[in-house]
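These notes are about the structure you will find just below.
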Amino acid sequence: MRYTLIFLIFTITLFATNGEMVFKSYCWGCHHQSATAFGPSFEEIATKRSREEIRAMVSDPEGVSKVFGYKRNAMPKLNISDENLTAITEYILSFKPKGKK
């Protein structure tokens, strides 16, 4: 049990660190963690979207924008590895306010 807890903490920290690096490399120009910039904040995204929706939007923003009913899409498609996609998704979700499902 103790080693599982240590592993979980390490994994969460690793994704947060890698997610933050991906954010700084690809997302920072349009998104901010808790304030609206050109694009919605990560807090807003994490509150409104599921893990799968976030992954889909990062992978195929033009296609997913249509599914979400947006008239246009300003987000570029990011050609990132699956590892970085997971990292940025988990990083975004880490901004979900406590108590929100």
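Where a number appears in this text, it was derived from the coordinates with a stated rule and is not lab data. Being a predicted model, the structure only gives us computed values, none of them experimental. Here Cβ is always computed from backbone atoms with ideal geometry, including for glycine, and neighbour counts include all displayed protein chains.
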(Q) Can you return the lysines within cross-link range of Lys98? Criterion is Cα-Cα under 28 Å, with same-chain partners fewer than 8 residues away left out. (A) Lys24, Lys48
Q) For the range 69-95 and the range 37-54, what is the separation of their Cα centres, given in Å? A) 9
**Q.** Spin-label zone in the range 68-90 - amide nitrogen under 14 Å from a point set 7 Å from the Cα of Met21 along the C-beta vector
**A.** 81-88
